[in-house]
Structure formats: C-alpha cells, structure tokens
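*Asks:* Okay, here's the structure, questions in a sec.
The values are calculated or read from the model by the stated rules, or taken from the named source; none is laboratory data. Being a predicted model, the structure only gives us computed values, none of them experimental. Every residue, glycine among them, receives a Cβ derived from its backbone with ideal geometry; neighbour counts consider all protein chains shown. In case anyone asks, the SASA skips ligands and DNA or RNA and just uses the protein heavy atoms, side chains included. Shrake-Rupley method; radii C 1.70, N 1.55, O 1.52, S 1.80 Å.
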Amino acid sequence: MTVTPTSRDPRIVIVGAGMAGIAAAHVFRQAGFTNFTILEKGSDVGGVWHWNRYPGLRCDVPSYGYQYAFAPKPDWKHVWATGDEIQQYHHDLIAHLQLESHLKLGCEVTSAVFAENRWRLSTTGGDEIDADFVVAATGILHHPFIPDIPGLDAFDGPVVHTARWTDIDMTGKRVAVIGTGSTGVQVFSALQPEAAYITHFARTPQWVMWMPMGLKQPRIVGRLLRALPTQEKAVRLSQLVGSDYLVDLVIRPTWRRRMAQRYGWICLRTMVRDKDLRARLTPDYQPFCKRQVLSGNYYRRISKPNASFVSEPIAEATNTGLRTADDVHHDVDAIVLATGFQAHNYMRPMTLRGRDGLSIDDAWAKGPRAWGMTAIPGFPNLFTVLGPNSPTGSMSLQHVAELTARYITTWLQRFRDSEITTVEVTEEATSRFADDVAEAMVPTVWNTGCNSWYFDDDNHIDLWPFDRKRLTRMLTEPHDDDYIFTA
Ligand code: NAP
C-alpha cells in the first residue's frame, strides 16, 4: 500500500504485546498500515503466557484451537500445550512476522490523553509519543488479586502469587495452595508429588472435569495437518466449530448443557472414592457457572495421603502457617496464592483521559462498558481488543482478536482516505448494547448462582452472551449511525 499525498498515514500505538496486541499488529500491517508501535510493559511478549510461569501451567484449550488462523502451527507437542510451548509459538511468530522493529519492551504507558485530535502517551521511560489511534490490547487477567488475609506479611516463609512466580524449590516442603480456579488446580496438581505435605485451601469448591491434559500429539498428526492444502481454513473451521459448541452450552439452558454438566458430576463421583472428601469437593452450583476447570489428575492427587482439602475459611496467617476459622493451625513452609486477578481493570492503572478531559475511571464508574467490546464513548480514536464483554468464556480469543482488529482497520482506512479525523461511539449506542447484553445474560449458565471473576464490582457479568453470528455482524458491518465523526 502506498501512501499518496492526499492520504494520511495514521500513527498507531498498540498497548500490550500479548495475544491481542500481536493479532492487531499483524492485521494492521496486512491492511497496509505500518506506522505502528507496540508498547509492552513486560520484558517479553506473550501477555499472560509471559507473566504466568507457575509449575503445571498448561492451556486448557486444545492447542489446535489456541492459535492464530493466520499462523497455523501443525506440530504442537501436546494436544493441550504447556505454557512454555505457547510462549515459544509467540516468539517464533514475532520473528516470522518481523514485528521486532515495531516493539518496545519494558515500556509501560503511564498516561494517554486525547487533545487536539490526537493522543499523547507518556511512558515510564519518559518518552512522549503522539498517535492518531490508540489500540488497547492490555489483557483481562493481568493484575494479580492478593487476598486480604490478616497477618500474611508476618509469615516467615515465601508467599508467591502464581502470576508472579519465582523459582522456589517446593521439594520436601509443606505447601499451602489458596484458590481452586484453573490455576489453583494446575499448581496444586503439579506440586503435590514433590511436596512433603500439601493443603488446598478452598473458599468455594469447583467442578473439575477430567481431560487427558498431558496427552502428546502424535507426530503423524502434525505431518498430516501440515499436508493440508488450506491450513488456515482448517484452523478457522476448528475454532468456529469449537466456539459454536461452547456458546450453545453456556448461553442456552438445553439438554446439551445438562448432558455436559452431568459429566462434571460423573468425574467427581467416580474419581473421588472417599465420601467425606467428595462431599467437601462438591460445589453447590452448576458446572460451567464459573470458568470450567479441566484436569487430568486433580481428583487423584487431592486424594493422596500427603494432601488435604480444607474448606474452612482462612482466619489469619501466622509466622508459621495459616489458621482457619475452626481454630485449627496449619503449619506450612510456603504459601501459594492462586487467588486470581482483578479482571476488570483493563487499561488501568494508566491515566486515561478522553475528550474534554473525561477520565476512564469516571466513564467506567459503574463498571467497564464498550460498544461491541471495542469502542468507548468519550474516547475518540481509541479501541480495545479483547475489551469489556469479550467472550473469554466461550469463543476462540485469537479469532475474536483478529476480527476486532479488522474492524478497527476499517476506521484506519477511513482516516487514511481523509474521510474522518476522529471517530467516537455514541453514549446511546453503548447503552443500547449494554441493555442487550444484560437481557441476553439472563439464561446463561454464568447467571445460575455462583460467584466468579466474570462479575464486575457492579454485579454485571463481563462476558459475551450472544452467538458468533451477532459478534461477526457487529464487527464486520458498518454502524455509522452509532458513531460521531469529525472530518
Ligand atoms: P480464579 O478462577 O478467579 O480463582 C481464584 C480462586 O481464588 C478462587 O477459588 C477464589 O475463591 C480463591 N480466592 C480468592 N480470594 C480468596 C480468599 N481470600 N480466600 C480463599 N480463597 C480465595 O483465578 P485463576 O484460577 O487464576 O483463573 C482465572 C482464569 O484464568 C481462569 O478462569 C481461566 O480463564 C484462566 N486460566 C486459564 C488457564 C488455561 O489453561 N488457559 C490456566 C489458568 C487460568 P472463590 O471461588 O470463592 O472466589
């Protein structure tokens, strides 16, 4: 694409070099936009796959579906890839797509302010960068949630959050793992064989469905996939079929949902023989209400003699362990916090000010909201990729990130063609969308009576309650009536 004297080449800043940021960079360049910089606060690309390095880390989405269709990798080593393998995929991709020259690592954006029809971004390194468009690909599960346990600071041993793992040798140690989400189950299962004793502290038990997570992908499968004449199409198809299946389960209360939920009950019933343990492991809400946990060995490992499952609430930490509400003291050498994330922080703590000085904290005082997951009223020429209401619980996020980036590209093109200078979604369109979301959320499984990280502080479920057709329609059709432009 050549930039003619009558066209303008938009200056674009992508914030975040995780999965969404990489997708955006690739899509923009494919469409002929090369004037972009990716600012990443971490020392490496990959987002969650850079920050999370805890033992047992593995993707719970099959590798073949957890990749970009534009960069198919047929030869995954495992059917469910390990964290290291996914990170290697990201590294290979950065090199293959030649994105290094656009990338600034260790560069945290501290503020982004919109004035005089352009964004000015400031970074921790003291850089000031002007941009016509800002694309926030800052992730969802990024800020670790540290529970407020009285006395935790006084504990003598190491306390580590799974998303900030440091190398601690747990061999022969008495270990406490707090949290029963996907992370807690993975890290517990990985540490149990080497620990002298391991205690899993659960505020709420989770349904854990058995899957052969350690299964290797036979080489022949890789060779056959590589031989496919249309690898990209095959990945897209697998992502779409997988997404449609999951969407159907979570958004509609059908017999298909009930069948899948039954599997959770069968796993618990057949794999945990001890009745008392099984009772404590049994959740009082439906499978899939929280993000479904998959594991190949959790129920076996929690049943081992060196393991225990404690459902009494933690009252306090002492210098030698944790005391539960029943006044039992649990002596431990190390505490692992698998307590999740502040999932609705999005771009924060960055200072973000849009039109007329509007701050994102004020705009989102009642929780994060964005039209179609991407456009925020009051913030012209700023788009999120995997922003509020993204389908983290139901669809291929690589697919959604790519589609959103293509949608943003349509605005970049109109800027380039001097058709618009700024574009901002209306408050009315965003409210309409939020109302539709609230209505569609009612019959979803996420709304069947559990507490999960899907809920924001205002008790809205921050997910996508529609099917793929609606998503495609929103992000591929023009919606000029929903936007305000300046030319
Ligand atoms: P999470 O699902 O939010 O789980 C946090 C856990 O910490 C919950 O069990 C929670 O209990 C517990 N907790 C929080 N504060 C506590 C306190 N004060 N005392 C006791 N327990 C406390 O977080 P996560 O496990 O890190 O998973 C987050 C998401 O990351 C997953 O849902 C998934 O989407 C993603 N993930 C994906 C993979 C993958 O393989 N792709 C792997 C790991 C994670 P309550 O349930 O009572 O709130």
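*Asks:* Going residue by residue through region 337-350, is there one that turns out to be in contact with a Ser or Thr (Cβ under 9 Å, 6 or more places away or on another chain), within 16 Å of the ligand (Cβ to nearest atom), within 22 Å of Val425 (Cβ to Cβ) and not small (Gly, Ala, Ser)?
*Replies:* We begin by selecting, within region 337-350, every residue in contact with a Ser or Thr (Cβ under 9 Å, 6 or more places away or on another chain); these are 337-340, 343, 345-350.
If we keep only those that are within 16 Å of the ligand (Cβ to nearest atom) too, we end up with 337-340, 343, 345-346.
Narrowing the set further to residues that are within 22 Å of Val425 (Cβ to Cβ) leaves 345-346.
Among the residues that remain, those that are also not small (Gly, Ala, Ser) are: 345-346.
Within region 337-350, one or more residues are in contact with a Ser or Thr (Cβ under 9 Å, 6 or more places away or on another chain), within 16 Å of the ligand (Cβ to nearest atom), within 22 Å of Val425 (Cβ to Cβ) and not small (Gly, Ala, Ser).
*Asks:* Given the criteria outside the structural domain of Pro193 (by TED's automatic domain parsing) and open to solvent by 50 Å² or more (accessible area, probe 1.4 Å), does Trp51 qualify?
*Replies:* Criteria met by Trp51.
*Asks:* A further question on this structure: For the list (1) within 16 Å of the ligand (Cβ to nearest atom); (2) outside any loop (DSSP other than H, G, I, E, B); (3) surrounded by fewer than 15 Cβ atoms within 10 Å (Cβ to Cβ), I need the number of the one condition that Arg226 fails.
*Replies:* (1)
*Asks:* Ok, one more. Restrict the check to region 25-41 and report whether at least one residue is away from the ligand (no atom under 14 Å from the Cβ) and closer than 18 Å to Asp84 by Cα.
*Replies:* No, region 25-41 contains no residue that is away from the ligand (no atom under 14 Å from the Cβ) and closer than 18 Å to Asp84 by Cα.
*Asks:* With the requirement that a residue be surrounded by fewer than 23 Cβ atoms within 10 Å (Cβ to Cβ) and within 13 Å of the ligand (Cβ to nearest atom), what does region 162-177 give you?
*Replies:* Correct list: Ala163, Arg164, Trp165.
*Asks:* Can you work out which of the residues in region 178-200 that are near the ligand (Cβ under 6 Å from one of its atoms) and not in a helix (DSSP H, G or I) is farthest from Ala307 (Cα to Cα)?
*Replies:* Ranking the candidates gives Gly181 first.
*Asks:* Follow-up question, since we're still on this one. Please enumerate the residues belonging to region 196-213 that are among the small types (Gly, Ala, Ser) and open to solvent by less than 10 Å² (accessible area, probe 1.4 Å).
*Replies:* Ala202
*Asks:* Sticking with this one: Can you tell me which of Pro253, Pro283 is farther than 22 Å from Pro62 by Cβ and open to solvent by 60 Å² or more (accessible area, probe 1.4 Å)?
*Replies:* Pro253
*Asks:* Also, quick follow-up: Determine, yes or no, whether Asp284 is assigned by TED's automatic domain parsing to the domain that holds Arg203 and within 14 Å of the ligand (Cβ to nearest atom).
*Replies:* Yes; evaluated as a whole, the condition is true for this residue.
*Asks:* Among the strands (runs of 3 or more DSSP E) contained in region 291-357, which hold 3 or more residues that are of a type outside the set (Val, Ile, Thr)?
*Replies:* Those strands (runs of 3 or more DSSP E) span 307-310, 314-317, 321-324, 329-331.
*Asks:* Additional query: Has region 204-223 got any residue that is among the basic types (Lys, Arg) and either closer than 25 Å to Val328 by Cα or within 14 Å of the ligand (Cβ to nearest atom) (or both)?
*Replies:* Among the residues of region 204-223, not one is among the basic types (Lys, Arg) and either closer than 25 Å to Val328 by Cα or within 14 Å of the ligand (Cβ to nearest atom) (or both), which makes the answer no.
*Asks:* If you don't mind, another one. Go through region 295-313 and give me each residue that's aliphatic (A, V, I, L, M) and surrounded by 20 or more Cβ atoms within 10 Å (Cβ to Cβ).
*Replies:* Ile302, Ala307
*Asks:* Going by what's in this entry, would Ser7 be described as modelled with pLDDT under 95, small (Gly, Ala, Ser) and open to solvent by less than 10 Å² (accessible area, probe 1.4 Å)?
*Replies:* no
*Asks:* Residues in region 52-74: is at least one closer than 25 Å to Phe341 by Cα, over 19 Å from the mean Cα position of the chain (by Cα) and hydrophobic (A, V, I, L, M, F, W, C)?
*Replies:* Scanning region 52-74 turns up no residue that is closer than 25 Å to Phe341 by Cα, over 19 Å from the mean Cα position of the chain (by Cα) and hydrophobic (A, V, I, L, M, F, W, C).
*Asks:* So which residues in region 250-274 are polar (S, T, N, Q), within 26 Å of Tyr454 (Cα to Cα) and over 26 Å from the mean Cα position of the chain (by Cα)?
*Replies:* Thr254
*Asks:* Continuing with this model, one more query. Name the one entry in Asn389, Asn381 that is within 16 Å of the ligand (Cβ to nearest atom), touching a residue at least 40 places away in the same chain (Cβ under 8 Å) and either over 18 Å from Glu477 (Cα atoms) or surrounded by 24 or more Cβ atoms within 10 Å (Cβ to Cβ) (or both).
*Replies:* Asn389
*Asks:* Any residue at all in region 76-98 that's assigned to a strand (DSSP E or B), within 14 Å of the ligand (Cβ to nearest atom) and free of Cβ contacts under 8 Å to residues at least 40 places away in the same chain?
*Replies:* Within region 76-98, one or more residues are assigned to a strand (DSSP E or B), within 14 Å of the ligand (Cβ to nearest atom) and free of Cβ contacts under 8 Å to residues at least 40 places away in the same chain.
*Asks:* Does region 455-466 contain any residue that is surrounded by 18 or more Cβ atoms within 10 Å (Cβ to Cβ), among the acidic types (Asp, Glu) and touching a Ser or Thr at 6+ places or on another chain (Cβ under 9 Å)?
*Replies:* Yes: region 455-466 contains one or more residues that are surrounded by 18 or more Cβ atoms within 10 Å (Cβ to Cβ), among the acidic types (Asp, Glu) and touching a Ser or Thr at 6+ places or on another chain (Cβ under 9 Å).
*Asks:* Kindly provide the set of residues from region 423-446 that are outside any loop (DSSP other than H, G, I, E, B) and crowded, with 19+ Cβ neighbours inside 10 Å, ordered by number. Step through it out loud before you land on a result.
*Replies:* Step one: filter region 423-446 for residues outside any loop (DSSP other than H, G, I, E, B), giving 423-425, 427-441, 445-446.
Selection gives Val423, Glu424, Val425, Thr430, Phe433, Val437, Met441, Val445, Trp446.
*Asks:* Read through the list (1) crowded, with 18+ Cβ neighbours inside 10 Å; (2) not assigned by TED's automatic domain parsing to the domain that holds Ala279, then give the number of the only condition that Leu246 fails.
*Replies:* (2)
*Asks:* Okay, next question. What's the number of the only condition in (1) in contact with a helix residue (DSSP H, G or I) (Cβ under 9 Å, 6 or more places away or on another chain); (2) among the charged types (D, E, K, R); (3) buried (at least 18 other Cβ atoms within 10 Å of the Cβ) that Lys41 fails to meet?
*Replies:* (1)
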